[in-house]
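The values are calculated or read from the model by the stated rules, or taken from the named source; none is laboratory data. Model, not experiment: these values are computed from the prediction. No Cβ is skipped: glycine too gets one built from the backbone with ideal geometry, and neighbour counts run over all protein chains shown.
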Amino acid sequence: MALDLFNLLFFPAGLGLIGAGLLYQWADRKLLARFQNRLGPRWFQPFADAMKLLGKEEISPQGSSPVLFAFLPMLALAGALTAALYVPLFGLAPVFSFPGDLIVTLYLMSLLTMCIGLAGAQTRDRFSLAGALRVFTQMFAYEAPFILALLTPSVALMLAGQPSSWQISELATAAANAPVSHLLTLPITFVVALVGLMGKLELPPFDAPEAETEIVAGALTEYSGRGLALFSLARAVELVVGLTLVTALYLGGVGSGPLAAVLFTLKTIGLLVVIVVLQTLLARLRIDQTVNLWWRIGSVLVLAQWLLLILYRVLR
Amino acid sequence: MNASTTDRFVIPIGPQHPALKEPGHFEFTVEGETVIDATVRLGYAHRGIEKGAEGRNWTQSLYLLERICGICSHIHSTAYVIGVEQMAEVEVPGRAQAIREVIAELERIHSHMLWLGVAAHDAGFDSLFMYTWRDRETVMDLLETISGNRVHYSANILGGVKFDLTDEAAAAILKGIDFLEERTRHYREVVSQDAFFLQRTRNVGTMTREEALQLGVVGPTARASGVARDVRVDAPYIAYNEFPAQIQLLGAGDLEARFLVRIDEMLDCYRLIRELLAGMPAGELTAKRMPRKLKPGEVISRVEAPRGELFYYIRSTGGEQPDRVKVRTPTLCNMGSVLTQTVGHNLADVPMILVGIDPCFSCNDRAVSVRRAGRAEGQAWSWADLRRYGINYYRRQLNLDTDHRPTDLLTY
């Protein structure tokens, strides 16, 4: 009981996760800055930002529901923190695990996006409305390829005639024990999953929903103080959860002992570096170009991977 | 404007908006993400500089007019001094004219580098933004080496230039532009080959040659649409006769062409500066004598600023002060093209199209008083009148009081 509470509130979920999320966010910002020939923030900058915002007055705008305005950020953070319970954070066994938790995790991860969209849609600010429209449009674009890409390891197991389930811990073990790494057998969907994660986190080049030169801060334009802090914490948590999920499903590495945990964490950081490099290299896509990219290339790539799997199975 | 009853609403951009580095107000009517109408309101940064020049003598006005723009300060003072020198019938030594041209071209490089970064930022390509601004430091340092100042070089004085170009400075410039040329060639590759960036620039904001002529656009914006319009070539001033610039023309008329024209211009600047430094004429830096009072008369001077044709009208009534200085900056000519090009485009393209003309709002803002046809007599405003008018205007706008007493306000 006491251990459960500790797991839930401090480590690996809860405060430990939020701290890790902010550190990952710092790594993201610092690396991006170095790649762009800037100095970048010091390591505690995201913590300082979060503390400062949490202590600030929250101004609820006219014409929006104050209850929703205050509730949506909490729901977003709660969703992200709950999603973290089912993934093997830092290579440790998930706090909870049951068959089908992959689907639940994916749903909980989308909660953040929906909360951001709703938060924008329920204010009367025009930048927020335009931002909310883009948030939802983008969600419908990347969500299907992203989910399919994350389900692919399970499908691959099924096609290979091995026991498969939609349970993250089992899939992670299977990925760890796979004779050939998923990175080599499922390269296409791995890329789709990683890029899908960038879409989910609204990182460049998928940052049209918050393109500052067009619509200021997008859906969150009216947010300041606590609400903004909660949304940004939720994003930080989601960054860790998403990286963990992709690592667990594709790169494996869940084992026992501290070495496995360190290796797993290093793998997530490796993925983060890849994401930062992509952010550095690419210019922002317009929202219609994002939709085009996901439906005309992303989904087709996933289906091509599945087709390859089936062909391989049939021909063998 | 009621978003709940129709999907058509107005997105205001400015006067305060992250895409604008200076105040201007645009209203874009959008249907979903598509712009169907656009209006602009300028004048937020009106500073009364033209009026200010009338209260200062010929030399003092030079320093005032140089401060119209921070990016192209040298070209403003050049336009003014060549006008005044023409009126005073003063012959400026060749070396001074060549030094003026060197600084004008360095300024063009600095302005285009800055623009490249701002435009990349508006496209969400921050890496390019950071790198161009880092490299821009090189040309800023060169200007500081020559003049002692990074922004307002104060190179021009009436009848010549203030400082000489030493051999050490020339060597530093050559070294600096070697580096810049290499970087500029790299940026040209990025801008013309990066697939993600091309999605944001190719066939976006296209303006045909006919439209460009009709709207009367100037500078790189016109040259990207195939309009051969460059004052340096059409009506050479300072040393452009001896050291001619090559006009850079492209026909596509889209944003990509506007990027490439400016980058090609930078490459031409490097060539021109090398030629200037190699063939720098020897001689004096200033004319023998510059009169304090000018004969009555009027003059028009045109120069090619980084953004396009800059136009000065100067009138003298024979005193120590200009009677009238009228400035028309290239942004005003190009602003109309923003409104026509954005219609039909995605809202996401609007900042790109706006920045495509390289707008400079506070240089562009002028006060215009429209005289009614019936009233023959014009009204001459003094500096105090203007100030009173300005205070009253904002009082009315802010509803501070309904009964304004001008005499009190003057001491406000």
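Can you name every residue in the stretch B:234-250 that is over 16 Å from residue B:85 (Cβ atoms) and touching a residue at least 12 places away in the same chain (Cβ under 8 Å)?
If the condition is that a residue be over 16 Å from residue B:85 (Cβ atoms) and touching a residue at least 12 places away in the same chain (Cβ under 8 Å), then B:242, B:243, B:244, B:245, B:246, B:247, B:248, B:249, B:250 are the ones that fit.
So which pairs qualify, if the first residue must be in the stretch A:136-157 and surrounded by 19 or more Cβ atoms within 10 Å (Cβ to Cβ), the second must be acidic (Asp, Glu), the Cβ gap must be under 8 Å, and the two must be at least 6 apart or on different chains?
If the second residue must be acidic (Asp, Glu), the pairs left are A:138/A:202.
Go through (1) surrounded by fewer than 15 Cβ atoms within 10 Å (Cβ to Cβ); (2) within 14 Å of another protein chain (Cβ to nearest Cβ); (3) touching a helix residue (DSSP H, G or I) at 6+ places or on another chain (Cβ under 9 Å) and name the single condition residue B:35 misses.
In the conditions (1) surrounded by fewer than 15 Cβ atoms within 10 Å (Cβ to Cβ); (2) within 14 Å of another protein chain (Cβ to nearest Cβ); (3) touching a helix residue (DSSP H, G or I) at 6+ places or on another chain (Cβ under 9 Å), residue B:35 misses (1) alone.
If you take just the helices (runs of 4 or more DSSP H) that sit entirely in the stretch A:252-316, which of them hold at least 1 residues that are over 16 Å from residue A:183 (Cβ atoms) and within 13 Å of chain B (Cβ to nearest Cβ)?
Of the helices (runs of 4 or more DSSP H) lying wholly inside the stretch A:252-316, those with at least 1 residues that are over 16 Å from residue A:183 (Cβ atoms) and within 13 Å of chain B (Cβ to nearest Cβ) span A:258-281, A:287-292.
Only one residue in B:8, B:56 is modelled with pLDDT of 85 or more and among the charged types (D, E, K, R), so which one is that?
Residue meeting the stated conditions: B:56.
Among the numbered criteria (1) touching a helix residue (DSSP H, G or I) at 6+ places or on another chain (Cβ under 8 Å); (2) outside any helix (DSSP H, G or I); (3) β-branched (Val, Ile, Thr), which one does residue B:90 miss?
Answer for residue B:90: the failing condition is (1).
Under the condition of being at pLDDT 90 or above and among the β-branched types (Val, Ile, Thr), which residue from the stretch B:158-181 is nearest to residue B:276 (Cα to Cα)?
B:173
Among the residues of the stretch B:207-226, which ones are more than 19 Å from the chain's Cα centre (by Cα) and surrounded by fewer than 22 Cβ atoms within 10 Å (Cβ to Cβ)?
B:208, B:209, B:210, B:211, B:213, B:214, B:226 - these are the residues of the stretch B:207-226 that are more than 19 Å from the chain's Cα centre (by Cα) and surrounded by fewer than 22 Cβ atoms within 10 Å (Cβ to Cβ).
Please report, ordered by residue number, the helices (runs of 4 or more DSSP H) entirely within the stretch A:148-227 with at least 3 residues that are more than 14 Å from chain B (Cβ to nearest Cβ).
Those helices (runs of 4 or more DSSP H) span A:168-177, A:182-185, A:187-200.
Within the stretch A:168-194, can you find the residues that are surrounded by fewer than 24 Cβ atoms within 10 Å (Cβ to Cβ) and at pLDDT 80 or above?
Across the stretch A:168-194, the qualifying residues are A:187, A:188, A:190, A:191, A:194.
Conditions (1) small (Gly, Ala, Ser); (2) out of contact with any His (no Cβ under 8 Å at 6 or more places or on another chain); (3) within 14 Å of chain A (Cβ to nearest Cβ), marked per residue:
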position	(1), (2), (3)
B:15	no, no, yes
B:29	no, yes, yes
B:47	no, yes, no
B:51	no, yes, no
B:59	no, yes, no
B:65	no, no, no
B:76	no, yes, no
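Return the residues of the stretch B:118-156 that are under 17 Å from residue B:196 (Cβ atoms) and either at the interface with chain A (Cβ under 9 Å from one of its Cβ atoms) or without any contact (Cβ under 8 Å) to a residue 24 or more places away in the chain (or both); say none if nothing qualifies.
B:120, B:121, B:122, B:123, B:124, B:125, B:126, B:127, B:128, B:129, B:130, B:131
Take the residues in the stretch B:38-65 that are of a type in the set (Val, Ile, Thr) and either out of contact with any Lys or Arg (no Cβ under 8 Å at 6 or more places or on another chain) or free of Cβ contacts under 8 Å to residues at least 40 places away in the same chain (or both), then tell me which one is surrounded by the fewest Cβ atoms within 10 Å (Cβ to Cβ).
Selected residue: B:39.
For the list (1) closer than 20 Å to residue A:75 by Cβ; (2) part of a helix (DSSP H, G or I); (3) within 13 Å of chain B (Cβ to nearest Cβ), I need the number of the one condition that residue A:116 fails.
(3)
Just checking, which of A:46, A:73, A:88 is touching a Cys at 6+ places or on another chain (Cβ under 9 Å), surrounded by 16 or more Cβ atoms within 10 Å (Cβ to Cβ) and not hydrophobic (A, V, I, L, M, F, W, C)?
Sole residue among the options that is touching a Cys at 6+ places or on another chain (Cβ under 9 Å), surrounded by 16 or more Cβ atoms within 10 Å (Cβ to Cβ) and not hydrophobic (A, V, I, L, M, F, W, C): A:73.
Across the stretch A:122-141, which residue is farthest from the other protein chains (Cβ to nearest Cβ) among those that are more than 22 Å from residue A:285 (Cα to Cα) and not hydroxyl-bearing (Ser, Thr, Tyr)?
Ranking the qualifying residues of the stretch A:122-141, first place goes to A:122.
For residues that are within 14 Å of another protein chain (Cβ to nearest Cβ) and surrounded by fewer than 24 Cβ atoms within 10 Å (Cβ to Cβ), tally how many sit in the stretch B:87-117.
So the answer is 1.
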